[in-house]
Amino acid sequence: MGSGNSKDPPVTERKKDKIDMAFLKARVDRVNVKGLSRTCDDYVHRAVRNLFGASTFQDVIDETSNVKDNLMLLGIFKNLKIKIDVSRGTDSTPNGYEVTFEGSELSRLTGSIGTEFGQNDGAATAELLSPNVSGRGERLSLNYSYSYVKSSVLNLRLTKPYYHTVVGDYNPETSIGIFKHSSHTPWSKFRTDEAGALLDFSFTLPFGLSNSLQYEIGMKEVFTTPFFIIETCEPRLASIIRYIGIYEGRDSSIYPTKGTYVKATNELIGSPLNQFGLVKSDVHCELNVPLLAGISLQLCGRAGILVNDKRKEAIPIYQLFYPGGPQSLRGFEQAGVGPHRDDVAEGCQSYWATGVHLWSPLPFSRAGDLSDLFRLHLFYNFGTCNTFTTDKLRSTVGAGLAVRIGQKARIEFNCCQPLSFESGDRVKEGFQFGIGYDFI
């Protein structure tokens, strides 16, 4: 048989030199943002400014990706395309580039229908949204939800961001809204109806602390069947000054393996506008430590206190704390920790609860498959109410299986064994089901 002489190309010819873009000098001469019709030009200027600080081509690529994220966070674009080209024209410089972002603005009116999960509750939701109302990211939204326990929420809110101003790095936003809420409290057999207005100013500090300052005013009314709650049932004007601070340092909000989380809510409450007689504080802390083979240790705790000036203000029943249940002290019914009267929970003015968890993936699981939705855990919960000592301590040990629902909630199937409890508590021994996004 015939054969031809062929030679493989030298190894040096087959290898292609890899170019390290971090050593290629580059700068951005011009940034174009196309597709703006309703949006004012000054609203996007601050979002693209970091591109002009690039000194290498790698910087240009990295900053272009960051700027795209910043532009999408402005809430004006449906999508964005990126083009990087050599700078041309009289204003061009050596090693200069031109970056173009081309996008489509959001429609004037959008809507959505879906579901959301609360604490042992689920709700159907509907939303109408008008984005970028005046050209600088303003949003007008109308939300309605109706839950499994027959609670309803109706909100109309106008939000104004200030990302384009000199304080834009702190993500400041103001909003004003009106609301009408109806919430059922099955463990105490009452329903609260409220309607009013809410003013909010939110911002983020450089080290990751999200802050929200709120003022709420509205009418609240309690509808009930237990006789001892009747004294709090008359309609009353409620005025609340509220601060919410959140630090999120976890790698995941559902199955965290490392990092810390802190949330604090403080309220100054009064019925007359100039007479505040209640102070309410609630703090939640969480620490996650990775161990080995995907196993992690979780330490978490929550505490709340409600102080009133008896000369000014009686405590409405809907402001009290109701510890117990699958999201707080497992092994007890919902609001099952504390005094009960006429087979309903009376609530308490203070409480504390902690949890120690050992989380583990399923045996023989692999990252990226269906088993990522599941986790096993061993837990020990303990706490009490109406005191910050260890008197009348309640505690539970157990094990369970958790199932993640998207990135916002999880379901827990737990087997609980209460170790200590008081005579008035409502104990839940054995299987306990819980669904929510905020657990101890």
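The values are calculated or read from the model by the stated rules, or taken from the named source; none is laboratory data. Because the structure is a prediction, the values reported are computed rather than measured. Cβ sites come from the backbone with ideal geometry, for glycine too, and all protein chains shown count toward neighbours. Ligands, DNA and RNA are stripped out before the accessible areas are found, and what is left, the full protein with its side chains, is counted by its heavy atoms. Shrake-Rupley method; radii C 1.70, N 1.55, O 1.52, S 1.80 Å.
Tell me the mean residue ellipticity at 222 nm calculated for the chain from its helices only (DSSP H runs of n ≥ 4, each -39500 (n - 2.57), averaged over every residue, nearest 500).
Values: 3 runs with 28 residues, N = 440.
Theoretical 222 nm ellipticity from helices: -2000 deg cm²/dmol.
Residues whose amide H falls under 5 Å from that of residue 77, counting only those 5 or more places apart or on a different chain, are 106, with hydrogens built in the peptide plane. Shape summary: the range 275-421 maps onto an equivalent ellipsoid whose semi-axes, from the alpha-carbon gyration tensor, are 34, 16, 14 Å in decreasing order.
Scattering from the range 335-440 was approximated by placing one identical point on each alpha carbon and applying the Debye formula without solvent; log10 I(q)/I(0) at 0.17, 0.23 1/Å stands at -0.87, -1.29. For the chain, the longest principal axis of the alpha carbon atoms and the long axis of helix 57-73 meet at an angle near 40°. Taking θ as phi - 60° and the Karplus parameters 6.51, -1.76 and 1.60, the scalar couplings of the range 111-126 work out to x, 8, 10, x, 10, 9, 10, x, 7, 6, 7, x, 9, 8, 10, 9 Hz in sequence order, x denoting glycine and proline.
In the range 65-112, which chymotrypsin sites (Phe, Trp or Tyr not before Pro) fall in coil by DSSP and have 12 or fewer other Cβ atoms within 10 Å? Show your work: numbers first, answer last.
Numbers: sites: 77, 97, 101; in loops: none.
Loop-located and lightly packed - none at all.
Straight Cα distances below 15 angstrom link residue 428 to the aspartates and glutamates 333, 412, with same-chain residues fewer than 8 positions distant left out. Model label points for residue 83 and residue 293, set 7 angstrom from Cα along the Cα-to-Cβ axis, are 5.5 nm apart.
In straight-distance terms, cross-link reach from residue 81 covers every one of the aspartates and glutamates whose alpha-carbon lies under 16 Å from its own, apart from those fewer than eight places away in the same chain; here that gives 62, 63, 69, 98, 102, 105.
Ordering 186, 246, 70 by the projection of their Cα atoms onto the charge dipole of the chain, which places +1 on the Cβ of Lys and Arg and -1 on the Cβ of Asp and Glu, puts 70 at the extreme positive end.
With all protein chains present and a 1.4 Å probe, how do 86, 166 order by accessible area, largest first?
Numbers: 86 75, 166 130 Å².
From most accessible down to least: 166, 86.
Exceedance of the 30 Å cut-off in Cα-Cα distance is limited, within the set 160/189; 25/83; 150/310, to 160/189; 150/310.
This structure gives mean projected area of the Cα convex hull in nm², computed directly, and of [x] 20.5; [y] 32.9; [z] 24.0 that value is listed as [y]. In a fully extended conformation the segment linking residue 116 and residue 343 would gain 78.7 nm over its present Cα-Cα distance, using 0.36 nm per residue. Peptides 258-268, 320-330, 109-119, 42-52 ranked from most to least packed give 320-330, 42-52, 258-268, 109-119, packing being the mean of other C-beta atoms within 10 angstrom over each peptide's residues.
Taking every protein chain into account, the 1.4 Å probe leaves residue 292 with about 120 Å² of accessible area, to the nearest ten.
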